[in-house]
Amino acid sequence: MLHDITDRKRTEDDLYRSRQRYAELYNRTPALLHSTDTDFRVLSVSDHWLEAMGYGRDEVIGHRATEFMTPESQAEVENSVLPTLMAHGTVRDHARQYVRKDREVRDMLVSAIATRDERGEAASFLSALVEVTELRRMNAALAESEARYRHLVEFSPEAIFVSVEGRLVFANRGAAQLLGAKHQAEILGREAKEFVPPESFEDYTESRRRVLAGKPQHVAKLRRRRLDGSEFYAEGAGAPVTYGGQPAIQSILRDTTARRAAEIELRRAKEAAEAADRAKSDFLANMSHELRTPLNAIIGFAQVMGDQLLGPLPAAYAQYAADIEESGNRLLSVINDILDISKITAGRLELREGTIEVCPCIAAVLGILGGSANEKDLTLV
């Protein structure tokens, strides 16, 4: 008696090929897969799971899946995940920590689904693990970086603002203080142009347009207004940013009112000093003119007496006339030196190089200072 089993054979072949495809997909999927019984003992495990965790297959099969977790994750699975999985047949994206064979801890997101028997009861569980260790490290580093940036901005003495569509959506403590607010909430939500004097509206609008077009505003001198209406001078810069998914402008302001007042005072002091210097130069020039007029007369009369144009003089008087002429010329030289000092201050002195006789200069000095030196019993060397 013969039975045609062609259809059954074809079905068996299809089933075999299906199982082969499933096994190939199971082992080659980039996810970490393992199948367990209801006691959470491993029935099968993917090649990628073994490669990622560093175990051999015989080191995993038959062991409870929780053995490869940290103690904290083991407790969470036993107390929370398994009861949920038994009751509802699925769990998604539970964060767990697994321990590699080399004891390195890896962060995983675990999803699992129950396969049920003909009575609808859980027969086994298929779990898929997605490693997020590096992602968590990057997220932690990003959170740390953001925290540092926020602290830097919040406690910066400079005023830092962010505006979206012309309204302030962020302001640090320095910004509140600069604008005369007790707290940031007093200025948030206001239009930024409320703090711009009317005469500066045009420059503010043009600057905002350039920044939103991607051209950062470098440090510029500005005038701004506080909540009480008082105005102040500032230096400011702005750059395009994204805030809450929207194009925004981040601005930094520094109050320069005190510095500007100091600069004005310094400029006034400089101008006053220059005026005083000019007055001094004018005074010296006038004084020198007034002194040289009678001094030239004295020198002239001394020359007349020395040349004995009006008649002979005793020898002693002739020497006195020579001393008067020499002292007058010396005084005239001093007056000229005073004028030279004024020229030096004004930057108009011209130096002339030449040869001089040293001995006559020494003799002139001795003639002028000799009498005073003798009175004080001093010897000129």
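The values are calculated or read from the model by the stated rules, or taken from the named source; none is laboratory data. Everything numeric in this text was worked out from a predicted model, so none of it was measured. Note: ideal-geometry Cβ built from the backbone for every residue, glycine included; neighbour counts use all protein chains shown.
For this structure, a couple of remarks:
- Options 291, 253, 295, 266: the member that is surrounded by 12 or more Cβ atoms within 10 Å (Cβ to Cβ), within 30 Å of residue 235 (Cα to Cα) and among the aliphatic types (A, V, I, L, M): 253
- Cβ-Cβ distances below 9 Å connect the following pairs, each with a first residue in region 131-154 that is touching a residue at least 12 places away in the same chain (Cβ under 8 Å) and on the phi < 0 side of the Ramachandran plot, a second residue that is of a type in the set (Phe, Trp, Tyr) and surrounded by 11 or more Cβ atoms within 10 Å (Cβ to Cβ), and a separation of six or more residues or different chains: 131/98; 153/170.
- Test: residue in region 142-157 that is surrounded by 15 or more Cβ atoms within 10 Å (Cβ to Cβ) and farther than 17 Å from residue 235 by Cα: yes
- Pair list, Cβ under 6 Å, 6 or more apart: region 263-282 residue in contact (Cβ under 8 Å) with a residue 24 or more places away in the chain, other residue assigned to a helix (DSSP H, G or I): 281/342
- Comparison of 200, 156, 124 shows that the only residue that is among the polar types (S, T, N, Q), over 30 Å from residue 112 (Cβ atoms) and not in a loop (DSSP other than H, G, I, E, B) is 200.
- Restricting attention to region 142-169, the residues that are in the same structural domain as residue 204 (by TED's automatic domain parsing) and among the basic types (Lys, Arg) total 1.
- Residue 176 meets the conditions (1) modelled with pLDDT of 90 or more; (2) part of a helix (DSSP H, G or I); (3) exposed (fewer than 14 other Cβ atoms within 10 Å of the Cβ) in every case but one. The failed one is (3).
- Members of region 40-58 found to be crowded, with 16+ Cβ neighbours inside 10 Å and over 20 Å from residue 113 (Cα atoms), listed by number: 50, 52, 53, 55
- Positions within region 54-108 being in contact with a Phe, Trp or Tyr (Cβ under 6 Å, 6 or more places away or on another chain) and either of a type in the set (Phe, Trp, Tyr) or in a loop (DSSP other than H, G, I, E, B) (or both), in sequence order: 68, 98, 101
- Lone qualifier among 145, 111 - being part of a strand (DSSP E or B) and more than 30 Å from residue 196 (Cα to Cα): 111
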